[in-house]
Amino acid sequence: MWAAAAMVLTASVACTQAPRPATNAPRTVRFDVAADPTTLDPLFVHTDAEGVEQQLARLAFEPFYDVDARGRPVPALLTTVPTVSNGGVSRDGRTLTYHLRRGVLWSDGVPVTARDVLFTLHAIVDPRNPVGSREGYDLVDRAVALDRYTVRFHLRRAWAPAVATLFAAGPAPQFVLPAHVLGKAERLDRSPFGSDPSVGDGPFSLVSWRRGDRLTYRANPKYWRGKPSVDLLEVGVVPDPATNLTLLRSGAIDFNLVAPVQLAALSGQPGLNVLDVPIALVAGIALNVRHPPLDDPAVRRALAQSIDRDAISRKITLDHYPTADTDRPRFSWAYDPTIRQPHYDPAAADAALDMRGWRRGANGIRAKGGAPLALTYVQFPETTTGVRVATMVQAELRARGIDATIKSISNAQLFLPAREGGTLARGAFDLAYVPWLFGADPDDRFLYGCAGEKNYMRWCDPRVAALEVRAVSEPRQALRKADYAAIDRIVARDVPLVWLFNPNYVYVYRSRLRGFSPNAFSPTWNAWAWRMDPASGS
């Protein structure tokens, strides 16, 4: 389904040899998360940059289907992922039929059935429950159980992202809940289940949660794939990246997410592997097309030709963040590698700016009608990569006679809604460094739609608007892919933004941890497959 593969590299790093466990000791995997979860209730998973609650929810609960490290679908609660060709999606795109896997049990031994699916759907759409997102679920106008293991949803209108959204993997997943445990709760946000999800259908069950310190999970003996090989998971709450790095080097934890610049600190240590995983985030520079001269496509193309995006990837991210030309993550089935934005070409940029009347003055800065070509570039200081990108882009634009002033604005202020003074939403910038997070489905109306919530460029193209509407109404993937390719070609020509890179998350893990294979959304999606090899050294 999705085509990008994770690249495995073996690093040679010196570690303090971790003590070998006794042969009868529990096989334990230790790792850290960057923050204490707000809740462990899968109904109320919050989306954040670290995906903490998603990682933990995936240990104890199953989605309809997941995606592997290459982005290929892996059915979990379902026997197969619904498509038009297998009859799971009707030709008009409004009816979805789900076949649940028989033999899946809740950890207390009760079967997972259609009743649980319908109960959870009703809980999500119930306005009394403050769930994170109801998008897609609010389109379901009828839901029925055809039998104990078959559920049919009918949508008010065709919406192609439904299959990748409803109870599926992604940046904000929803998981099926046990109706027999929660069915009598008047409001699920007031249920004790939120602080102690003791009944799940995932590979592990919660044993304890010491808030702000540690969570412990044990293998679920009733898990449908079989009891996991790992007996225990010990999950520490450690927000400091430097501390995590020290724990990794000492052998106290078995894997961790690291920044590319941290890899040098691990050089020379045996027993550690490095794994680059393409993720669902694409970073770029938004161009405010309402601000002259950025309303001129020729000037926008010249800006793109002034920025050496390949050098940014190479020098700033050490090639861990490959250059992007569209908003499609490399694992997406809609990704088209043939589409290219204007490449780095200083001579062409100079010629285009000259032709548009922007001539260099004695100070080297271009001007037109006495007004200098001066732009405000905003970025947020919480991202080391973004700060370094801003400095490099500023120098490259200066070399082309463009005076870019960098303005640093906190992450919280930059992304607020307009009514709360958000810089991007109010359009108080010319250029802005923005990382956009995408889902498992390529629907990007939030970005390119004329009224898109995150269309910070204020760019509106009627051709793109029509293609976007058609793409989410068409259930056949091949036709949708053609529509998204057409959108991407228009964007590449008109340049409302300059795409920089589609980052990889860089995980370092110990050789003794086998089966570790993070996907684009979570490192814990396949915790059921992890196993410990005590013979692998540190």
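Under 5 Å between amide hydrogens, built in the peptide plane, is the criterion, and for L375 it picks out D403, A404, T405 among residues at least 5 positions away or on other chains. Between helix 477-494 and the chain there is an angle of about 30 degrees, using the helix long axis and the longest principal axis of the Cα atoms. For the peptides 170-181, 446-457, residues were scored by their other Cβ atoms within 10 Å and the scores averaged per peptide; the highest-first order is 170-181, 446-457. Take segment 59-113 with all the other protein chains still there, run a 1.4 Å probe, and you get 37 Å² of accessible area per residue.
Averaged per residue, segment 499-538 has 25 square angstrom of accessible surface, using a 1.4 angstrom probe with ligands and nucleic acids left out. Packing, taken as the mean count of other beta carbons within 10 Å per residue, orders the peptides 56-65, 490-499, 257-266 from highest to lowest as 56-65, 490-499, 257-266. Ranked by the mean number of other Cβ atoms within 10 Å of their residues, highest first, the peptides 227-236, 501-510 come out as 501-510, 227-236. Going by alpha carbons, how many degrees (0 to 90, nearest 10) lie between the helix axis of 241-250 and the longest principal axis of the chain? Between helix and principal axis, roughly 50 degrees. Relative to the longest principal axis of the Cα atoms of the chain, helix 462-473 runs at roughly 10 degrees.
Taking 20 Å as the cut-off, the amide N atoms of segment 433-458 that come nearer than this to a point 7 Å along the Cα-to-beta-carbon line of E420 belong to 433-438, 446-447, 452-457. Under the simplified labelling scheme, the D345-A259 pair shows an inter-label distance of 3.6 nm, with each label point 7 Å from Cα along Cα→Cβ.
3J(HN,Hα) couplings calculated from phi for segment 359-374 with the Karplus curve 6.51 cos²θ - 1.76 cosθ + 1.60 (θ = phi - 60°) are, in sequence order, 9, 5, x, 5, 8, x, 8, 6, 8, 8, x, x, 9, x, 7, 10 Hz; Gly and Pro show x.
The smallest convex shape that holds all Cα atoms of the chain, its convex hull, gives 150 Å³ per residue.
Applying 0.36 nm per residue to the separation of Q413 and T376 and subtracting their alpha-carbon distance, the gain on full extension is 11.7 nm.
Near the amide H of F501, within less than 5 Å, lie the amide hydrogens of A283, A324, all on another chain or at least 5 residues away, with H placed in the peptide plane. Two numbers describe the Cα atoms of segment 23-172: Rg and Dmax, which are 16.6, 58 Å. The residues of segment 230-374 present an accessible area of 39 Å² per residue when probed at 1.4 Å with all protein chains retained.
Give, rounded to the nearest 20 debye, the magnitude of the charge dipole that segment 405-532 has about its Cα centre when Lys and Arg contribute +1 at Cβ and Asp and Glu contribute -1 at Cβ.
On the way: 17 positive and 12 negative charges, 111 e Å.
Roughly 540 debye for segment 405-532.
Could you work out the Kirkwood radius for segment 303-367, taking every pair of different alpha carbons, averaging 1/r and inverting it, reported in Å? About 14.0 Å for segment 303-367.
Across segment 77-91, rounded Karplus estimates of 3J(HN,Hα) from the backbone phi angles (6.51 cos²θ - 1.76 cosθ + 1.60, θ = phi - 60°) give 5, 8, 7, 7, 7, x, 9, 5, 5, 9, x, x, 10, 5, 5 Hz, Gly and Pro being marked x.
Rolling a 1.4 Å probe over the protein heavy atoms of the chain, with every protein chain left in place, gives an accessible area that is 52 percent carbon and sulfur. Distant-in-sequence amide contacts of A432, defined by a placed amide H-H separation under 5 Å and a gap of 5 or more residues or a different chain, comprise A286, V378. Pairwise Cα distances in segment 438-520 exceed 18 Å in 53 percent of cases. On the principal axes of its alpha carbon atoms, segment 474-536 extends 56, 30, 13 Å, with the longest extent given first.
Which aspartates and glutamates does K227 reach when only Cα atoms under 12 Å apart count, and residues fewer than 8 places away in its own chain are ignored? Hits, sequence-local ones excluded: D201.
How much of the pair distance distribution for segment 355-461 lies past 20 Å, counting alpha-carbon pairs only, in percent? Provide the component values of the computation, followed by the final result.
Working: 2886 of 5671 pairs.
When every Cα pair of segment 355-461 is considered, 51 percent fall beyond 20 Å.
The values are calculated or read from the model by the stated rules, or taken from the named source; none is laboratory data. These numbers were taken from a predicted model, which means no experiment stands behind them. Please note: Cβ atoms are built from the backbone with ideal geometry, for glycine as well, and neighbour counts cover all protein chains shown. Each accessible area value is taken on the protein alone, full model and side chains, heavy atoms only, with ligands, DNA and RNA left out. Shrake-Rupley method; radii C 1.70, N 1.55, O 1.52, S 1.80 Å.
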